[in-house]
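As structure tokens, the structure follows; a few thoughts come after it.
Please treat every number below as a calculation from the coordinates, not as lab data. Every value quoted in this text rests on a predicted model; they were computed, and no experiment measured them. Heads up, the Cβs are rebuilt from the backbone with ideal geometry, glycines too, and the neighbour counts pull from every protein chain shown.
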Amino acid sequence: MTDRSVRETLLDPAGVTEDQLATVLGAAFGPGTDGGDCYFQLICQEGWSLEDGLVKSASFNIERGVGIRVIAGEQTGFAYSDEITLPAMLEAGRTARSIARTGQSGSVAVRPGSSRDVPLYLPEDPLGSLDEGRKIELLKHVDQVARDADPRVTQVMCSLAGVREMILVLNAEGELVTDVRPLVRLNVQVLVEQGGRRESGSAGGGGRSGYLYFTEDDRAGAYAREAVRQALVNLEAVDAPAGTMKVVLGPGWPGVLLHEAIGHGLEGDFNRKGTSAFAGRIGERVAAPGITIVDDGTLPGRRGSLNVDDEGTVTQQTVLIEDGMLRGYMQDRLNGRLSGARSTGNGRRESYAHLPMPRMTNTYMLPGSHDPGEILASVDHGLYAVNFGGGQVDITSGKFVFSASEAYLIENGRITHPVKGATLIGNGPDVLTRVAMIGNDLELDTGVGTCGKEGQGVPVGVGQPTLRIDAMTVGGTRAA
Amino acid sequence: MDRSAEVQALSHTPESLEERVQMVLDHARSCGASAVQAVVSHSVGLGVTVRKGEVETLEYERDQHLALVAYFGQSRGSASTTDFSPTALRQTAEAACRIARHTEPDPHSGLPDPEEQARDWPDLALDHPWDCPSEQAIELAKRIEAAGFAVDPRVDNSEGATVSTRRAMSFLGDTQGFMGGYLSTRHSLSCALLARDAGGMQRDYDYSTARDPLGLAEPETVGREAARRALQRLGGRKLGTRQCPVLFAPEMARSLMGSLTRAVNGGAQYRRSSFLLDAAGEQLFPTWMRVEETPLLPGALGSAPFDSEGVRTRDRALIDGGVLQGYVLDSYAARRLGLRTTGNAGGTHNLTVHASPGDRDFRALLAEMGTGLLVTELIGQGVNLVTGDYSRGAAGFWVEQGEIAHAVEEITIAGNLRDIYRNIAAVGNDIDLRGNLRTGSILVEAMTVAGD
């Protein structure tokens, strides 16, 4: 039924019929081309924000359009239109087609593509999942919980965002696939002051569901308390150490390590082009024994999950590293075909106005056997980092960073005092060979990640158990 | 496949965009809004990427966008759409009004003081369409990349050379009588190349960007510079952890000074989330430093006759004699702080860092540093604007006696921005004009470098 409702929303208002779709396919594809697709999309999104205890601004945005991509060999022609009408589609199709050397029209029939038997999320509309009054109440609740948590809280900024995205992919072979993707997110940032010192803390989460996700088990209130806790820890933080030392990473969001150190370097486009430090290394050891890392777009309700990717391929779990050995790359259709591999369901794009490319979904490491307490107790001197901001990687040199926002010194196996945020830097192809202990406490993040690549942002997830890495460079200011 | 006519042609006339602004303003008023502001924009563009001598992508862009803010007294709501049909425009206006009925009143919200808005403005020479059909763009991209490959056999791979051109038009209007718009263009050449030796691969890039195609670098220059930069990074190694002087190359100095504009932004000030809280009048930089804003510079990348609220932009010194002269404000933040808007709704316009005297070039700065770290790349987000704590991944070169000794990678540089700004020892005259914030190299007396 999803299929029909998506067609009704995306195509029917513009009077676009199945015959017309076949006409567009015929004009854009056919002889001299090696595939491509028409990507129809409708995005409705809203954002409500609170500061000074008041919900004083909110916005609603709607974007609708179609992007047409024509592939000939390794070449891609691309054009898009904000109008979903036959003339606009034919124009975009012909423009994209200019990449191919011949101009003959073909004939392609439209038929259903493959779909997932049990959907990972419901095709609901998050924007309508709470009425306006209750959205405001939810934000005020977060504000209240944060302010009640500690008198040193001076400012609370909170935002609630919901997206309803509908896509329809019609590929050059005539396969038609649809998906309706809800996405919600709640973020809270607090400022605290004590004796003239100011610090901040932030927390949040979300996933592919409606806003009731935040009221279940009072998740919203938990984010508020977590943000305050972090800010208060930072009020006590001393200068971070500088230099190479043992680092213990907490479970969950610190998995951004895997996203930067390993994930990007294993995307199919960089490997086909030979620009990744991991290119040509399938079958080689790139991590310590016991380390298995997967990219998994099939986790129900998670921020990085998709029923089908943006090329209409059903998503899957892809093993990237198995017991320390490099097993596979993440592929979209173009890079898969050119590398003699299949798409792994990782073809993603920010919108109809952007080209798809291989992107991560939810990337995480499977758990090991060690108790987290045992891991901390094994370190004489090092850093315990439990929360991070973002990260970045140079996929060619393999150098990557991620910045801690909550960290502690470990001395003689015990956590002593909090230290200021610091950037950690390492080398992707060898950092995981220095993993000495893997915790039994795998956690996924709360649903806050957005990955940027070539200017396109897409929602992703990360996760890992507690890890001990025996040499990482910590970018503090104090001699270690 | 010559589609140049379409590349150059906008689908809307200025009059038709102005009409849409007016229509949305009128409709929101008829829904009960007491004041409304709307902006409509439209752009067309072409981007071509060539990799290893073959076309990789040919992208045609054509965008349109309408956004409005509706005020019901002191409550506000905003909405936007890419659908320009009359029905969609009405629905978008109604959505903003519906939201404004739910949000809570804020005594500081509202349109800017009409006295602050621009009434007339000079032609800033921002519109220079480039008659560059796709074949020509492909040829230029091929020339860029080929020149890079020709530099050295160790340059053996490419992420591609890109030629792009974009023309945009936007109109802003409000219900207190402001209506204004203009056309602008931006064209770019860029190239990212990989060099390889026994020690591994390195990637680097170069680019040229300008409003006028005549202001672009020669394609060969961009390719050769990308190759030179990638080659120079070969053989990079870590440093031992130490304190030393750090010289930020101009592109990196831009990001260092970008933290200043974020910290003195009105939002960070009224939220008390800035390490430069209430710092106007403070000596933040050495007395010989000055940072000027020149919004009306003809043809420059950051120029604008009015800001995104229609407030007139004007020349000013943000830093004079090293002292912070004011903040970066829109009218909302200004009202909250009891100040006047500085015409910075939407950001700053051509901030330029000056030294006095300003006669030292890059070589002179290297010589002044003597022994220290030259930073040519920074990665990660490790800047905490609330505390000023700064810790970022870096790559560059170790310099001894004013000469580059070897490439450096996998290190971090750290400090606190207040100390870093106060300890600036020199600013070069090698000003990078490729952005909205323009600065030469910046030499900082001492920072912590973390490595082995």
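State to the nearest 20 debye the size of the charge dipole of segment A:167-260 about its Cα centre, where the only charges are +1 on K and R beta carbons and -1 on D and E beta carbons.
That gives segment A:167-260 a dipole magnitude of about 260 debye.
Using θ = phi - 60° and the Karplus curve 6.51 cos²θ - 1.76 cosθ + 1.60, what whole-Hz ³J(HN,Hα) does each residue of segment A:54-70 get, with Gly and Pro shown as x?
Those phi angles translate into 10, 8, 10, 8, 7, 9, 9, 10, 9, 10, 9, x, 9, x, 10, 10, 10 Hz.
To make sure I understand the rule: partners must be aspartates and glutamates, Cα under 15 Å from the Cα of A:Lys453, and not fewer than 8 residues away in the same chain. Which ones qualify?
A:Glu260, A:Glu267, A:Asp269, A:Asp332, A:Glu350, A:Asp394, B:Glu159
Non-local amide H neighbours of B:Asp389 (under 5 Å, H modeled in plane, Pro and chain starts lacking H): which ones?
Placed amide hydrogens put B:Asn384, B:Leu417 under 5 Å from B:Asp389.
Which of rounded, prolate, oblate describes chain A, given a ≥ b ≥ c as roots of the alpha-carbon gyration tensor eigenvalues and a/c under 1.5 marking rounded, otherwise prolate only if a/b is larger than b/c?
oblate
Membrane-span-like helices in chain A: DSSP H runs reaching 18 Å or more (Cα, own axis), mean Kyte hydropathy at least -0.5?
A:219-235
In whole Å, how far is the Cα centre of segment A:432-480 from that of segment B:39-108?
Rounded to whole Å, the Cα centres lie 35 Å apart.
What lysines does A:Lys420 reach when the alpha-carbon gap must be under 24 Å and sequence neighbours fewer than 8 apart in one chain are set aside?
Correct list for A:Lys420: A:Lys246, A:Lys399, B:Lys238.
With a cut-off of at most 13 other beta carbons within 10 Å, and DSSP calling the residue loop, which trypsin sites (Lys or Arg not before Pro) in segment A:1-103 qualify? Please list them.
In loop regions of segment A:1-103 (DSSP not H, G, I, E or B), the sparsely surrounded trypsin sites (Lys or Arg not before Pro) are A:Arg101.
Mind checking which of B:Leu324, B:Val449, B:Thr439 is farthest towards the positive end of segment B:312-452's charge dipole, using Cβ charges of +1 (Lys, Arg) and -1 (Asp, Glu) about the Cα centre?
B:Leu324
Per residue of A:388-400, how many C-beta atoms from partner chains lie within 10 Å of its own C-beta, taken as a mean?
6
Apply the Karplus parameterisation 6.51 cos²θ - 1.76 cosθ + 1.60, with θ equal to phi minus 60°, to every residue of segment A:118-126 and state each ³J(HN,Hα) to the nearest whole Hz, in sequence, with x for glycine and proline.
10, x, 7, 7, 7, x, 8, 9, x
Could you please state, rounded to a whole Å, how far the C-alpha centre of segment B:182-234 is from the C-alpha centre of segment B:376-452?
Here the answer is 21 Å between Cα centres.
Using the crude model of +1 on Lys and Arg Cβ and -1 on Asp and Glu Cβ, and no other charge, please compute the dipole size for segment B:260-358 relative to its Cα centre, in debye to 20.
Dipole about the Cα centre, nearest 20: 260 debye.
Which percent of Cα pairs goes in each bin when the distances of the protein assembly as shown are cut into 10 angstrom slices starting at zero?
2, 11, 20, 26, 25, 13, 3, 0
By Kyte-Doolittle mean hydropathy of at least 0.0 and Cα axial length of at least 30 Å, which whole DSSP H helices of chain B are selected?
Length and hydropathy pass: none found.
Could you please report the charge total around B:Leu214, scoring K, R as +1 and D, E as -1 over all other residues with beta-carbon less than 15 angstrom from its beta-carbon?
-2
Taking every DSSP beta bridge that has both residues in chain B, what percent is antiparallel when rounded to the nearest 5?
Taking every DSSP beta bridge within chain B, about 95 percent pair in antiparallel fashion.
Cβ under 10 Å from A:Cys451's Cβ, A:Cys451 left aside: what net charge do those residues give with Lys, Arg +1 and Asp, Glu -1?
The answer is +2.
What is the gain in length, in nm to one decimal, between A:Glu137 and A:Arg478 on full extension, counting 0.36 nm per residue of separation less the C-alpha to C-alpha distance?
118.3 nm
Treating only the Cβ atoms of Lys and Arg (+1) and Asp and Glu (-1) as charged, compute the dipole magnitude of chain A about its Cα centre; round to the nearest 20 debye.
In total the dipole reaches around 860 debye.
Nearest 0.05, what FRET efficiency do B:Ser11 and A:Asp239 give at R0 = 45 Å with Cβ-Cβ as r?
0.20
From the C-alpha gyration tensor of segment B:350-452, pull out the three semi-axes of the equivalent ellipsoid (sqrt of 5λ each), sorted largest to smallest, in whole Å.
21, 19, 13
How much FRET efficiency would the formula 1/(1 + (r/R0)^6) give for B:Arg119 and B:Leu337, where r is the Cβ-Cβ distance and R0 is 25 Å, rounded to 0.05?
Result of the calculation: an efficiency of 0.45.
Percent antiparallel among DSSP beta bridges with both residues in segment B:13-104, to the nearest 5?
Antiparallel bridges make up about 100 percent of those DSSP assigns within segment B:13-104.
For labels at B:Glu282 and B:Thr371 in the simple 7 Å Cα→Cβ model, what's the distance in nm?
My value for the distance between the label points is 3.4 nm.
Output ³J(HN,Hα) for segment A:458-468: one whole-Hz value per residue in order, computed from phi by the Karplus curve 6.51 cos²θ - 1.76 cosθ + 1.60 with θ = phi - 60°, and x for Gly and Pro.
Listing the rounded values in order: 9, x, 9, x, 9, x, 6, x, 4, 10, 10 Hz.
Grab the DSSP H runs of chain A that are 4 residues or longer, score each as -39,500 (n - 2.57), total them, divide by all residues and round the 222 nm result to the nearest 500 deg cm²/dmol.
It lands at -5500 deg cm²/dmol.
Taking amide H positions as placed in the peptide plane 1.01 Å from N, state which residues far from B:Ala426 in sequence (5 or more) or on other chains have amide H under 5 Å from it.
B:Leu443
Which of the three applies to segment B:302-361, rounded, prolate or oblate, going by the alpha-carbon gyration tensor with a ≥ b ≥ c and a/c under 1.5 meaning rounded?
oblate
Could you work out the mean count of beta carbons from other protein chains within 10 Å of each residue's beta carbon in B:196-205?
Per residue, the average neighbour count from other chains is 3.
Under 1.5 on a/c is rounded, so check that first for segment B:270-329, then, if it is not, pick prolate when a/b is larger than b/c and oblate when it is not; a ≥ b ≥ c are the square roots of the alpha carbon gyration tensor eigenvalues.
Note, shape of segment B:270-329 comes out oblate.
Just want the answer: with Cβ charges of +1 for Lys and Arg and -1 for Asp and Glu, which residue in A:Tyr352, A:Leu442, A:Thr363 is farthest toward the dipole's positive end in segment A:334-480?
Most positive-ward Cα: A:Tyr352.
For A:Ala72, list long-range residues whose amide hydrogen, built 1.01 Å from N in the peptide plane, is under 5 Å from its own amide hydrogen.
Those qualifying (amide H under 5 Å, at least 5 residues apart or on another chain) are A:Asp34, A:Gly77.
Can you tally the net charge around A:Thr433? Count Lys and Arg as +1, Asp and Glu as -1, for every other residue whose Cβ sits under 14 Å from the Cβ of A:Thr433.
With Lys, Arg at +1 and Asp, Glu at -1, the neighbours total 0.
Please report how far the C-alpha centroid of segment A:209-243 lies from that of segment A:323-383, rounded to the nearest whole angstrom.
Comparing the Cα centres of segment A:209-243 and segment A:323-383, I get a distance of 26 Å.
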